[in-house]
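The values are calculated or read from the model by the stated rules, or taken from the named source; none is laboratory data. This is a predicted model, so every value here is computed, not measured. Side chains are part of the model used for accessible areas, which takes the heavy atoms of the whole protein and leaves out ligands, DNA and RNA. Shrake-Rupley method; radii C 1.70, N 1.55, O 1.52, S 1.80 Å.
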Amino acid sequence: QVQLVESGGALVQPGGSLRLSCAASGNIFSPYVMSWYRQAPGKQREFVATITSRDTTYYEDSVKGRFTISRDNAKNTSYLQMNSLKPEDTAVYYCNVVTGGLHFWGQGTQVTVSS
């Protein structure tokens, strides 16, 4: 089993920044992919960003140029730096890890962008 713990969610004003963290523990086997998804009220969960074991990154179009995903392999931790936040970024953000062909999810952290 793999346990994921997200942190960093908060209430922030439009234009502000936040950094989310996802710490993974348990039976993690390299290589593994770390990703972030989000789910807004009344909407389906959607992909935000991913980073491979070789640090290749992919982003959903609406966050390109504003969000940056990174990882610290020594700590089994991924980060999502979110800049220029917009009200439409409001959602519960979930960490995802794929290892050994299995998907694992965190419990989510709330990000609210509002004045």
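Overview of results
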read-out	value
Computed P(r) (all Cα pairs; the stretch 54-105; 10 Å bins; percent)	18, 52, 27, 3
Mean Cα-pair separation over length for the chain, i.e. relative contact order, pairs under 8 Å, 6 or more apart, %	37
Candidate aspartates and glutamates - alpha carbon under 13 Å from Lys64, same-chain residues fewer than 8 apart omitted	Asp89
Tensor-based shape of the stretch 15-70 (alpha-carbon gyration tensor, a/c under 1.5 rounded, otherwise prolate or oblate)	prolate
Residues of the stretch 3-115: accessible area per residue with a 1.4 Å probe, Å²	53
Whole-Hz couplings from phi, Karplus 6.51/-1.76/1.60, listed for the stretch 39-46; x for Gly and Pro	9, 8, x, x, 10, 7, 5, 10
Tail beyond 21 Å, pair distance distribution of the chain (Cα, percent)	30
Carbon/sulfur fraction of accessible area - the stretch 2-81, other protein chains in place, 1.4 Å, %	48
